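The structure under discussion appears below in the form of structure tokens.
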């Protein structure tokens, strides 16, 4: 995730000056990245402020400024479509989205879109289900009957008369992705409910449940001020007492990648009927990150990418 952290504003004026001295050709060597067309640019998030990109079919250098890719930087031509305000979907809900006949799903910046599958100069290497560095606001899930596009949702224990809260940076999931290059949130647990919780998750699309056993596991890249749980949730007709298959994720102030094979997920021994793991994996309703604890506990989480086992944690150039 290195390039998502670099601030190159000090170099930009020199790059732009050099662009005017080579007979009008911008050239890929004078930019931080090279893409074939403008629509292959990643989202212009705060973390990319000052980054430059050479667009081959226009023979032009663009600069990420104030949430938009601008030709030539300040004082150059006007901002073009594809800025952070225009990229991605702001959909929400655990079962939003629909099936796709191709690999792109419904999100032009999605995990399996052409911009991330062609490889080479246009590739932004990160996880295959969802990656904030690409500007993805939707997830594209490879399922047995075809790819399905779905969306993130955030929730708390208010349905159980609790008073815990989850607060998304920038006011929403899509807004956080566009501005911060991550789903960033803070949370506070309340003892109004005996088992306080907040969660962030995604559903399996309009069919409600799906078979994800072929994924072999799941991975995520994150930072978190407290440990949390990754849960595979099946309908209550299969798993009762909310005793979902769960794996643990440690706290980390640094960005870390966690690979969780399905064998790492277990049911708790405190109650609920024991259910075969394979039955659950063939009938998954949602996958969620859950934070629990005592009333008064609080913390912060940043989530950068989610993928099938082994696809997270690649270094960006």
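Odds and ends about this structure:
- Within the stretch 159-174, the set of residues being assigned to a helix (DSSP H, G or I), under 22 Å from the mean Cα position of the chain (by Cα) and without any contact (Cβ under 8 Å) to a residue 24 or more places away in the chain comprises 169, 170, 171.
- Residues in the stretch 135-156 include at least one that is in contact with a helix residue (DSSP H, G or I) (Cβ under 7 Å, 6 or more places away or on another chain) and modelled with pLDDT of 95 or more.
- Take the conditions (1) within 20 Å of residue 297 (Cβ to Cβ); (2) not in a loop (DSSP other than H, G, I, E, B); residue 178 misses just one of them, which is (1).
- Residue match in the stretch 122-136 (condition: assigned to a helix (DSSP H, G or I) and under 29 Å from residue 188 (Cα atoms)): yes
The values are calculated or read from the model by the stated rules, or taken from the named source; none is laboratory data. This structure is a prediction, so every number in the text was calculated from the model and none was measured. So basically every Cβ, Gly included, is an ideal-geometry build from the backbone, and we count neighbours across all protein chains shown.
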